[in-house]
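What follows is calculated from the coordinates using simple rules that are stated; it is not laboratory data. Predicted model only: the values in this text are computed from it and were never measured. A quick note on method: Cβ atoms are made from the backbone with ideal geometry, for glycine too, and the neighbour counts reach across all protein chains shown.
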Amino acid sequence: MDAAPTRRLITSRSEFHDALRAAFALAASSSAREIWLSDQDFADWPLGERQVVDQLTQWAHSHRHLTLIAHNFDEVARRHGRWTEWRRQWAHVVECRSNQELEPNQHPTICLISDQLSVRLSDPVRYRGMVSTEIADAVACREAIDAVLQRSNETFPATTLGL
């Protein structure tokens, strides 16, 4: 009997979205302590879907940490209202960071669930990438995220105070 494949290619937008949904489901059902998300602006992620927000709610506990890094978060606020509202309640586990030194298209497109699963698009325009449970792929994704985080700043506050 063959072992389940540890890597699978992504070749379409729907496969990318399915891989992200599966990653959030894994996080909700496992003991994953960290989720790392990186993208230019998260415009084409299913973050605002009820199922994804419900899975993040199942996942979010104390000692958990979700980090998002993007060039900017304008599209998150515009397209993912359900996630933005969820974030207000779970701000203590969510950190949003921006790296303005990179060009928008230089941000890696990655979803990393601790060291359990990585989803990475090598070509975000044509939705070409890979889903992997290999530790080496998780390490490579984490290194790519760390390179962007080094020159990033906190941004996209959970609430805005008016005067």
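Take each peptide in 33-43, 72-82, count the other Cβ atoms within 10 Å of every residue, and average; sorted highest first, the result is 33-43, 72-82.
Note down, for the chain, the three equivalent ellipsoid semi-axes (square root of 5 times each alpha carbon gyration tensor eigenvalue), biggest first, whole angstrom.
On the way: eigenvalues 117, 68, 45 Å².
After scaling each eigenvalue by five and taking roots: 24, 18, 15 Å.
Once you divide the Cα radius of gyration of the stretch 42-119 by 2.2 N^0.38 Å, the number left is 1.10. Taking label positions 7 Å along the Cα-Cβ direction at both T11 and N105, the computed distance is 2.4 nm, reported to one decimal.
Over all other residues within a Cβ to Cβ distance under 15 Å of L117, the charged ones net out to 0, with Lys and Arg as +1 and Asp and Glu as -1.
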